[in-house]
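**Student:** Structure incoming, see below.
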Amino acid sequence: MADLGYLISKLENGDWFGGGTWEFDWYLDLIFLEEMAYGTKPIQMSYEQPIIGDEFLKWSGEEQLRIKYKYFFNNKEAVLDLIESQKRILNKAGQEIAHLENMDLNYKRYRTVQGELSQLMASVSVIFDWVISNQVSILTEKYKADLQDVTNYVTAMSAKTVLNESNNKLIGFFNDNKSAFENSAFKLTGMGINIRQWLKEHADKYGWLNTGERGSHEWSKKDFLEQMKNLVEANNKYQAISLNHQLQNELSPLITINTYDNQAADYQIHMDYLFQKFLKKTMKGDYVEDIVQNLSFSEIIFILERKKSITDFGSRRNNYLRAAWPINGRFETYYFENYGEFKKLKAKISKQVFSDQVQGMVACRGNVEGVVKIIKVAKDLDNFESGQIMVAEKTQPKYVMAMAKAAAIVTDIGGITSHAAIISREFGIPCIVGTNNATKVLKNGDFVVVDAILGTVQKK
């Protein structure tokens, strides 16, 4: 087993400190970790980031990395190279999905594509979200445009996601069958067989959208019916935004980079969904979800190749007491034998000192008051009530049903084309993203004013 000494020294020196929680399967966690540290496509980040439990820690060199790319869009050749590299990765991912749909899994090819998708998304999350927001401000000033108009334009043009495609089809089908849905009060039992069949086919095609986090399962036709109802009730008919043509041209590469990031997220979720289907079919009775979701990619392959048995990993069942970190061109993993040992290591993670002021970028305009509900993991959504202020580290597709009920959405991380920004605009919900500190400063039950004009959240 790996020696914790190196990890502890980096924690004590403040090189790695408190970050955010991501509930991916462990093999995807490790792919992200390895690619961010050593991957080269679409760019080389050399971002050394450990994972303790489900927490991805931050690296002290992050700010310098962003500054390195601050004026990235001044180098047109570099921008075009990035976009072409992203495009090649997405093309390979599309081909890999076709292979997986035919139950054709090549281990090396799958790992390579998932790695490049991870690096593409990580580069946008860590670097380009910030760089793009900065560039939007520069271009807004250059063309004397309205910042919110430019932000809305970039968000709208980047929202080419599978979820957006699904939502458009739901709205279209509702409009074609409006009386049937209204007469049945959106209850499946009161609907005709043709409508129920359409919803089933829609769920068969798009249900995988909800499988991006550990333990998640496909959306059903009932889930999509609820989503349709939420979209209809939101009735958010936003108008097209007209901008200076030269400004649109300069925004085009920003939009393309963001669009490819959103598509990469869709591809990664879809690939993992098909990968899990392959594992279930191949492993049959040996597929134990609570164990498989806590294995590395190489460990999964060992089982598929019958070099090891699922029973060899029985201690991993629902066990998230682990750590992984990059070191000397590779990564190490450590599995704790008891919670006390794990807790001691967690206690060494230093926390960032945050301002009491919560301020970020406006993703969707509005001004509302309400009670805060902190969402750090999917389980926190269980008791989310209509009209609450959703305050989250970030949002994921699994959050969508709850997001539709929120009076406002506030996130720690993410830019103007993040998942939270796109979904809030779909539903017309006031949204502030990239505050960095909302989940740290605010608490469950706080009554706050969300000013999604100025981009501030204040306790009342």
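The values are calculated or read from the model by the stated rules, or taken from the named source; none is laboratory data. What you see is a predicted model; the values in this text were computed from it and never measured. Cβ placement follows ideal geometry from the backbone for every residue including glycine, while neighbour counts extend to all protein chains displayed.
**Student:** Specify the residue that is nearest to Gln293 (Cα to Cα); the eligible residues are those in region 15-28 that are modelled with pLDDT of 95 or more and in a loop (DSSP other than H, G, I, E, B).
**Tutor:** For region 15-28, the residue satisfying everything is Asp25.
**Student:** Out of (1) over 17 Å from Ile255 (Cα atoms); (2) without any contact (Cβ under 8 Å) to a residue 12 or more places away in the chain; (3) in contact with a helix residue (DSSP H, G or I) (Cβ under 7 Å, 6 or more places away or on another chain), what's the single condition that is false for Asn175?
**Tutor:** Failed condition: (3).
**Student:** Is there a residue in region 50-64 that is of a type outside the set (Lys, Arg), surrounded by fewer than 20 Cβ atoms within 10 Å (Cβ to Cβ) and free of Cβ contacts under 8 Å to residues at least 12 places away in the same chain?
**Tutor:** Looking through region 50-64, at least one residue is of a type outside the set (Lys, Arg), surrounded by fewer than 20 Cβ atoms within 10 Å (Cβ to Cβ) and free of Cβ contacts under 8 Å to residues at least 12 places away in the same chain.
**Student:** If a residue has to be assigned to a loop (DSSP other than H, G, I, E, B), among the basic types (Lys, Arg) and touching an Asp or Glu at 6+ places or on another chain (Cβ under 8 Å) to count, how many in region 322-376 make the cut?
**Tutor:** 2
**Student:** Against the condition within 22 Å of Val124 (Cβ to Cβ) and of a type in the set (A, V, I, L, M, F, W, C), how does Leu163 come out, does it pass?
**Tutor:** So Leu163 fits the description; yes.
**Student:** Residues in region 152-167 that are modelled with pLDDT of 90 or more and farther than 28 Å from Ala203 by Cβ: how many?
**Tutor:** Qualifying residue count for the region: 3.
**Student:** Just to be sure I understand, how many residues within region 380-404 are more than 19 Å from Gly414 (Cα to Cα) and either aliphatic (A, V, I, L, M) or not assigned by TED's automatic domain parsing to the domain that holds Gly445 (or both)?
**Tutor:** We begin by selecting, within region 380-404, every residue more than 19 Å from Gly414 (Cα to Cα); these are 380-388, 401.
From what's left, either aliphatic (A, V, I, L, M) or not assigned by TED's automatic domain parsing to the domain that holds Gly445 (or both): 381, 401.
So the count comes out to 2.
**Student:** Starting from residues that are aromatic (Phe, Trp, Tyr) and under 19 Å from the mean Cα position of the chain (by Cα), keep the ones in region 85-142 and report whichever is surrounded by the fewest Cβ atoms within 10 Å (Cβ to Cβ). Break it down stepwise before answering.
**Tutor:** Taking region 85-142 as the starting set, the residues that turn out to be aromatic (Phe, Trp, Tyr) are 107, 110, 128, 130.
Filter again for under 19 Å from the mean Cα position of the chain (by Cα), leaving 128, 130.
Working: Phe128: 24, Trp130: 20.
Looking at the filtered set, the residue picked out is Trp130.
**Student:** Sticking with this one: Between a residue in region 256-272 that is under 11 Å from Leu90 (Cβ atoms) and any residue that is in a helix (DSSP H, G or I) and among the basic types (Lys, Arg), which pairs come within a Cβ distance under 7 Å, given they are 6 or more apart or on different chains?
**Tutor:** Tyr260/Lys87
**Student:** Give me the residue from region 143-157 that is outside any helix (DSSP H, G or I) and of a type in the set (D, E, K, R) and, out of that set, surrounded by the most Cβ atoms within 10 Å (Cβ to Cβ).
**Tutor:** Among those residues, the one meeting the criterion is Asp146.
**Student:** I would also like to ask the following. Considering region 304-354 alone, what residues qualify as being within 24 Å of the chain's Cα centre (by Cα) and among the aliphatic types (A, V, I, L, M)?
**Tutor:** Those that are within 24 Å of the chain's Cα centre (by Cα) and among the aliphatic types (A, V, I, L, M): Leu321, Ala323, Ala324, Ile349.
**Student:** Which members of region 182-217 meet the condition of being aliphatic (A, V, I, L, M) and in a helix (DSSP H, G or I)?
**Tutor:** Hits for region 182-217 are Leu188, Ile193, Ile195, Leu199, Ala203, Leu209.
**Student:** Being outside the structural domain of Ile127 (by TED's automatic domain parsing) and either surrounded by fewer than 16 Cβ atoms within 10 Å (Cβ to Cβ) or touching a Cys at 6+ places or on another chain (Cβ under 8 Å) (or both) narrows it down to one of Glu341, Glu369, so name that one.
**Tutor:** Glu369
**Student:** As an exercise: evaluate Tyr287 against (1) under 21 Å from the mean Cα position of the chain (by Cα); (2) among the aromatic types (Phe, Trp, Tyr); (3) under 27 Å from Leu321 (Cα atoms) and give the number of the one condition it does not meet.
**Tutor:** Unmet for Tyr287, out of (1) under 21 Å from the mean Cα position of the chain (by Cα); (2) among the aromatic types (Phe, Trp, Tyr); (3) under 27 Å from Leu321 (Cα atoms): (1).
**Student:** Let me confirm something: among Leu199, Leu247, which residue is more than 30 Å from Ala145 (Cβ to Cβ) and either modelled with pLDDT of 95 or more or in the same structural domain as Ser125 (by TED's automatic domain parsing) (or both)?
**Tutor:** Matching residue, one of Leu199, Leu247: Leu199.
**Student:** Considering only helices (runs of 4 or more DSSP H) fully contained in region 41-134, which possess at least 3 residues that are under 30 Å from Leu345 (Cβ atoms)?
**Tutor:** Working: elements: 62-68, 76-101, 107-123.
Here the list reads 62-68, 107-123.
The rows are residues; the columns are (1) crowded, with 17+ Cβ neighbours inside 10 Å; (2) modelled with pLDDT of 95 or more.
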position	(1), (2)
Met390	yes, yes
Glu393	yes, no
Pro397	yes, no
Met401	no, no
Val410	yes, yes
Gly414	yes, no
Thr417	yes, no
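**Student:** Cβ-Cβ distance below 8 Å, separation of 6 or more or different chains: which pairs start in region 158-172 with a residue that is in a loop (DSSP other than H, G, I, E, B) and end on one that is small (Gly, Ala, Ser)?
**Tutor:** Filtered contacts from region 158-172: Thr161/Ala265.
**Student:** So, of the residues in region 5-39 that are in contact (Cβ under 8 Å) with a residue 40 or more places away in the chain and more than 26 Å from Arg214 (Cα to Cα), which turns out to be surrounded by the fewest Cβ atoms within 10 Å (Cβ to Cβ)?
**Tutor:** Filtering first and then ranking leaves Gly14.
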